[in-house]
Amino acid sequence: MRVAFLSGTSIVNSTLFAAWEVRTVETAYGPVSYKTKGDFALINRHGYAFPLPPHSINYRANIRALADLGFKDVVSLNSVGSLKKDLPPGTFVSCSDYVGLQQGPATFFDTELKGGAPGIANNLIPLLISKLAPEFTIHPNKVYVQMRGPRFETKAEIRIVQHWGDVIGMTAAHEADLCTEAGLRYNSLALIDNYANGLEGTEIDFAKFKELVKDNQTRVNRLFTRMLEILG
């Protein structure tokens with residue numbers, strides 16, 4: 001099965017993909033570096049050089065690259081904050097819908113009077129949920145709230161949006177929009193690395209966030225190992 005993966009800091013910190021071949025593809029929106037092995041391709045959404053913050057990522061180039069390379073199925077792993085007390089850090093979720101009101105969506109339709117219908121295909125998620133169990137429990141059908149970044153949300157902002165969805169992040173809505181426009185099937189997986197700012201008595205900053213991501217690295221490595229086995 002030909003599958004492309006999108007991820008971020010979990011790729012930067014992982015040694016699983018060290019031996020994968022690095023290639024660069026030119027797109028109409030700029031060059032994209034990716035790693036490949038067999039039928040798999042892997043893009044670090046933040047790039048492999050100086051990591052770009054979420055609001056500066058070239059989403060159109062990343063998704064266009066996967067389409068130009070002939071992929072149809074995309075599995076995305078996103079780091080998210082929890083908006084619900086019953087979804088603690090360390091929990092894996094899959095989102096089937098999203099809210100992206102803070103900024104206009106990234107689009108391929110800059111010169112056309114056209115707009116794609118939003119959606120997340122999640123065509124591979126039932127297979128992954130079944131095969132990853134019982135080692136991993138994936139909580140499906142969650143709602144992703146996208147904010148602009150790069151800073152974390154204020155406590156006041158979290159109080160406003162905590163009823164909009166289940167988890168909060170800065171990247172997945174753009175990727176889902178563009179995959180739908182390009183005819184790619186987007187599959188959502190997300191790892192909760194923290195409670196959103198102010199929830200459950202938390203105080204969050206970037207240094208603490210990086211430590212939480214580091215603490216979850218072993219589980220992310222194992223998850224990718226199992227997904228490669230299942231989809232291989």
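A short reminder: the numbers here are calculations on the coordinates, not readings from a lab. Bear in mind that the values here come from a model prediction, so they are computed numbers and not experimental data. All Cβ positions, glycine included, derive from the backbone under ideal geometry; neighbour counts span all protein chains shown.
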Self-check item: Computed magnitude of the charge dipole of the range 3-231 (debye, nearest 20; Cβ of K, R +1, Cβ of D, E -1)
Solution: 240 debye
Quiz item: How big is the charge dipole of the range 77-136 about its Cα centre, in debye rounded to the nearest 20, if each Lys and Arg gets +1 on its Cβ and each Asp and Glu gets -1 on its Cβ?
Solution: 160 debye
Practice problem: Residues in the range 75-104, backbone N under 16 Å from the label point at residue 141 (7 Å along the Cα-to-beta-carbon vector): list them, ranges by number please. | Solution: 93-98
Exercise. Grab the DSSP H runs of the chain that are 4 residues or longer, score each as -39,500 (n - 2.57), total them, divide by all residues and round the 222 nm result to the nearest 500 deg cm²/dmol.
Key: -8000 deg cm²/dmol
Quiz item: Counting only residues 5 or more places away or on other chains, whose amide H sits under 5 Å from the amide H of residue 195 once H atoms are built in the peptide plane?
Solution: 82
Self-check item: Close Lys-Lys pairs in the chain, where close means Cα under 26 Å and separation is 8 or more or interchain
Solution: 29
Exercise. Just flag the GluC sites (Glu not before Pro) in the range 127-232 sitting in loop per DSSP whose Cβ has no more than 14 other Cβ atoms within 10 Å.
Key: 135, 203
Practice problem: Take every Cα pair under 8 Å in the chain that's 6+ residues apart, average their separations, divide by the length, and report that relative contact order as a whole percent. | Solution: 28 percent
Quiz item: Say each of residue 112 and residue 37 gets a label point 7 Å from the Cα, pointing the same way as Cα to Cβ; how far apart are those two points in nm?
Solution: 3.7 nm
Exercise. Could you point to the residue in 79, 30, 137 farthest towards the positive end of the chain's charge dipole, with +1 and -1 charges on the Cβ of Lys/Arg and Asp/Glu respectively?
Key: 137
Practice problem: Give the value in nm², to one decimal: projected area of the alpha carbon convex hull of the chain, averaged over all directions. | Solution: 12.0 nm²
Quiz item: By DSSP, what percent of the beta bridges with both residues in the range 3-231 are antiparallel, rounded to the nearest 5?
Solution: 35 percent
Practice problem: Starting from the Cα gyration tensor of the range 1-121, take the square roots of the eigenvalues, sort them a ≥ b ≥ c, and report rounded, prolate or oblate (rounded when a/c is under 1.5, otherwise prolate if a/b is larger than b/c, else oblate). | Solution: oblate
Quiz prompt | Gap separating the Cα centres of the range 104-122 and the range 50-89, nearest whole Å | solution = 16 Å
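If you place +1 on the Cβ of every Lys and Arg and -1 on the Cβ of every Asp and Glu, how big does the dipole about the Cα centre of the range 144-210 come out, in debye to the nearest 20?
Working: 7 positive and 10 negative charges, 23 e Å.
Taking the Cα centre of the range 144-210 as origin, the dipole is about 120 debye.
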